[in-house]
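As structure tokens, the structure follows; a few thoughts come after it.
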Amino acid sequence: MPKNTEITRLTPHGSMDILSQLEVSQLKQGSQDGSLYDTFRRCALAVLNVDSDTDDAREVLRQHQDFQIRVVQQERGVKLEIENAPQSAFVDGKIMTGIREQLFAVLRDISYVKNKIASNQIFDIGTSEGISNVVFHILRNARVLVPEIDPNLVVCWGGHSISREEYDYCKAVGYQLGLRQHNICTGCGPGAMKGPMKGAAIGHSKQRIRRGRYVGLTEPGIIAAESPNPIVNELVILPDIEKRLEAFVRAGHAIIVFPGGVGTAEEVLYLLGILLNPENKEIPFPLILTGPAGSEEYFRQIDSFIKLTLGEVARQHYTIIIGDASKVAREISAGLESVRNFRRVHADAFYFNWILNIDHQFQQPFAATHENVAALNLSHDQPLHLLAANLRRAFSAIVAGNVKAEGISQIEQHGPFELCAEPEIMQSLDALLHSFVQQQRMKVPGKAYTPCYSLKKQ
């Protein structure tokens, strides 16, 4: 892959353009501190590696072993020095403006978590409230939380590797949302994360909206497999998948789910688990599952899995719409009005859903190890929202085994993850995962898939 072998120096833009010497020192120390530097380097490389055709995080690192990035301290602030960066990030020898902004967003978030969150005793991550405060402060520091604006941030979930028909439909839905002046938040990657943003950008242009928001939320373990797409103009790196998921449901006002794979199923289970919590019974949260004509089988499998594992009560929390982009947008607009009215009545912020109760189990980082995966309670002898939490962890482990560097290494060393479930859950899980394999939703289409998991009856 072609590389820019010259050393490129970049000045900051946005929230980091005016810094004190203490802040500069903290940034430099934080970005070059052992394992933290490795995280910073991997995330920066993912930002630079635009138009990548791989979803294997380790492959990205192998292709760019000689890539280097350094934080340089100056009297007026910091600069970034990059060497041997992918050539695709440059135009006529100059780095793209959007990529420059995203590089400093990476530095901003990783350093902020290190120097302002991890070392600050006011954040009690042993409590649910403490973790929610961490998510709030990260989003506020990134200037994602905008007060005095009616709810209009629509979260779009879906696969990073989808068919052309599915991509075009995602874009059509985004266009209809943009025409209605809604902003978009996704996982920042390609496919179903890029399509709605691109469509919304056209819709915003039609309505002469010049400050459309295209928010991308990611985390270090997944960004290399889902590099930020070019539409993202607000990038945030959360510390782990759980805080990323919480950021979606706290900052977003409605969620649309497009066709995807295991990662998309993980996100759906996360949200359903929260909505199934009795404490959240009255809170409106619009959730629509949608795709083009021909995607019925995908949603039939998802719906069947939810029915067999979480029951009919879970199905009441979402609507399935096939092949009607304008209907999706109309339903979302009506749902956002319900959200606005509810938050006014309950004096909850429009920009951050404080009133939503998120159980501590949904917030605890899950390490995808063979021991932890085998120990998951995948049975009905627990409240439904906790079963949803454990099913979410099971899918998170499969995502790790498919695309994350650490997960792939685990599989290579110890073989597939072993999931133990009661017979009914195991059968429904097997059927769903098999359908993902058959539809080539586990990996980039065209690549043979070797399962990173095995199923075992309890």
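What list of ³J(HN,Hα) couplings, whole Hz, do you get for region 168-181 from phi and the Karplus terms 6.51, -1.76, 1.60, once you set θ to phi - 60° and write x for glycine and proline? Result, ordered by residue: 4, 5, 4, 5, 5, 5, x, 4, 5, 5, x, 4, 8, 6 Hz. Listed by chain and number, the aspartates and glutamates placed with their C-alpha closer than 16 angstrom to that of K456 are E371, E418, E422, E424, D430; residues fewer than eight positions away on the same chain are left out. Charge dipole of region 148-345 (Cα centre as origin; +1 on each Lys and Arg Cβ, -1 on each Asp and Glu Cβ, all else neutral): 820 debye, rounded to the nearest 20. Note on E282 and N133: their simple-model spin labels are 2.7 nm apart, each label 7 Å out from Cα toward Cβ. Per-residue 3J(HN,Hα) values for region 129-142, derived from phi via the Karplus relation 6.51 cos²θ - 1.76 cosθ + 1.60 with θ = phi - 60°, read 4, x, 5, 4, 5, 4, 4, 4, 5, 5, 5, 5, 4, 7 Hz in sequence order (x marks Gly and Pro).
Using a cut-off of 20 Å between Cα atoms, the listed pairs K171/K404; K116/K243; K79/K243 include K171/K404; K79/K243 as exceeding that distance. Neighbour counts of C-beta atoms inside 10 Å place S333, S161 in the sequence S333, S161, starting with the fewest. This ranking places Y270, Y449 by how few other beta-carbon atoms lie within 10 Å of each, fewest first, which gives Y449, Y270.
Across region 90-96, coupling constants 3J(HN,Hα) worked out from phi with the 6.51/-1.76/1.60 Karplus curve, θ = phi - 60°, read 10, 10, 6, x, 10, 5, 4 Hz, and Gly and Pro carry x. Residues whose amide H falls under 5 Å from that of W157, counting only those 5 or more places apart or on a different chain, are I256, V257, F258, with hydrogens built in the peptide plane.
Note on the chain: dipole from Cβ charges, positive end direction compared against F305, A374, S227; the farthest Cα belongs to S227. Ordered by the count of other Cβ atoms within 10 Å of each Cβ, fewest first, I184, I231, I237 give I231, I237, I184. Rounded to the nearest 5, the antiparallel percentage of DSSP beta bridges internal to the chain is 35%.
Computed from the coordinates by the stated procedures, all read-outs in this text should not be read as laboratory data. What you see is a predicted model; the values in this text were computed from it and never measured. When we count neighbours, we look across all protein chains shown, and the Cβ atoms used for this are built from the backbone with ideal geometry, even at glycine.
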